[in-house]
1. Which of Ala240, Ala120, Cys59 sits farthest toward the positive end of the charge dipole of the chain, with +1 on the Cβ of Lys and Arg and -1 on the Cβ of Asp and Glu?
2. Cα-Cα over 28 Å: which of Lys227/Lys324; Lys19/Lys146; Lys53/Lys227; Lys53/Lys173?
3. Only four residue types carry charge here, +1 at the Cβ of Lys and Arg and -1 at the Cβ of Asp and Glu. Report the dipole size of the chain about the Cα centre in Debye, rounded to the nearest 20.
4. For every other residue with a beta carbon closer than 10 angstrom to the beta carbon of Pro41, add +1 if it is Lys or Arg and -1 if Asp or Glu, then tell me the sum.
5. On C-alpha positions alone, give me the angle between the axis of helix 185-195 and the longest principal axis of the chain, in degrees, nearest 10.
6. With the cut-off at 21 Å, report for the range 255-326 the share of all Cα pairs above it, as a whole percent.
7. Tell me, what are the semi-axes, in whole angstrom and largest first, of the equivalent ellipsoid of the chain as set by the roots of 5 times the Cα gyration tensor eigenvalues?
8. In the range 37-83, what trypsin sites (Lys or Arg not before Pro) fall in a loop by DSSP, with at most 11 other Cβ atoms inside 10 Å?
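Where a number appears in this text, it was derived from the coordinates with a stated rule and is not lab data. Source: prediction; values computed, not measured. Here the Cβ is made from the backbone with ideal geometry for all residues, glycine too, and neighbour counts use every protein chain on show.
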Amino acid sequence: MLSEEIQMWTEKYRPKTLKEIVNQKEIVSRLEGFVAQKDLPHCLFAGPPGTGKTTAALCLAHDLFREYFYGNFLELNASDARGIDVIRTTVKDFARTMSLGDIPFKILVLDEADALTSEAQQALRRTMERYTRTCRFILIVNYSSKIIEPIQSRCALFRFSRLSKEDIVGMLKFISKNEGVELKDDGVEAVLYVSEGDLRKAINTLQAASALGVAVDADSVYKVTGKARPEEVRQMLELALSGDFVQARKKLHELLINYGLSGIDVVRQVHRETFNINIPEIWKVRIADIVGEIDFRMSEGAHEEIQLSALLAQFSLVGQELGKTQGK
Ligand SMILES: Nc1ncnc2c1ncn2[C@@H]1O[C@H](COP(=O)(O)OP(=O)(O)OP(=O)(O)O)[C@@H](O)[C@H]1O
Ligand SMILES: [Mg+2]
């Protein structure tokens, strides 16, 4: 058993029944309906990371099977499993045998099903058809469009949405209180900024920051997440746009060194902050265009530091050019 200290809070606070799931109200009520009827179609759960997809599948199975959960429930990760072979063997072996207890079917969850090749999906489709009587499938994906049409049409679709600020704050406060962690207001803001509606990321960030042993504030959060404070990124952006290339580069180095950011991290944050600074629309358009180009070059393996310099250089040029025409 893991000791209390190193237990992951995401696991410790993972809901055990559908009632405990935060938000996703419409989904929860549809799933509760299935539990009440003791019946279930094949399902497709789609949505962004850390919003409760795997949790909902687990809760559903617990609520439905109760003491027969073990034996009737199997979760596979399609991206670990070697594609088609696993569909042919593990899935079939599980799906074709009778369930235990009074529910006449088992539940098989295929996480990250969008990682399956279309060949593997075809095999899966046949398995789903053949064993429908004894097994219901829940496929979990980030994007439903990656699943072949014939499978989509056999599944009830559930779209999970990002969790709201209020939902995340509620959870953070609850956990902090329970764990005796002092959570400052700027810490809450920082966790919200880095987690972007992903509750898993929010909880993990809280746990990591609290492990530094002081109160959780903006400093400790940014220290553990490899993200810069948004205001520092904005500052760098504004320096570059004002034509101060040298100072902007100095700021860039600070970000790279103090926060240990990678080039891609910087570019992504610049992109995000572009829309949070007060500049004319046309500037944002030009910046977005430059950011897109640099992001692409980096993903193709271009030298990060050179690309970041090029990014700031182009911003200064845009700043000078547009500043003149607009008399700024
Ligand atoms: N709606 C929610 N209600 C309560 N807790 C949640 C919710 N969403 C996420 N969590 C928390 O985040 C953790 C991760 O959630 P979960 O595994 O369900 O995410 P997921 O949607 O399956 O993400 P991924 O796409 O990355 O697999 C859970 O253990 C739980 O602590
Ligand atoms: Mg999951």
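1. Ala120
2. Check vs 28 Å cut-off fails for Lys227/Lys324; Lys19/Lys146.
3. Details: 43 positive and 46 negative charges, 215 e Å.
My answer is approximately 1040 debye.
4. Once all neighbours under 10 Å are counted, the net charge is +1.
5. The answer is roughly 70 degrees.
6. Working: 647 of 2556 pairs.
Of all Cα-Cα pairs in the range 255-326, 25 percent lie more than 21 Å apart.
7. Details: eigenvalues 400, 124, 57 Å².
For the chain, the semi-axes come out at 45, 25, 17 Å.
8. Passing sites in the range 37-83 are Lys38, Arg82.
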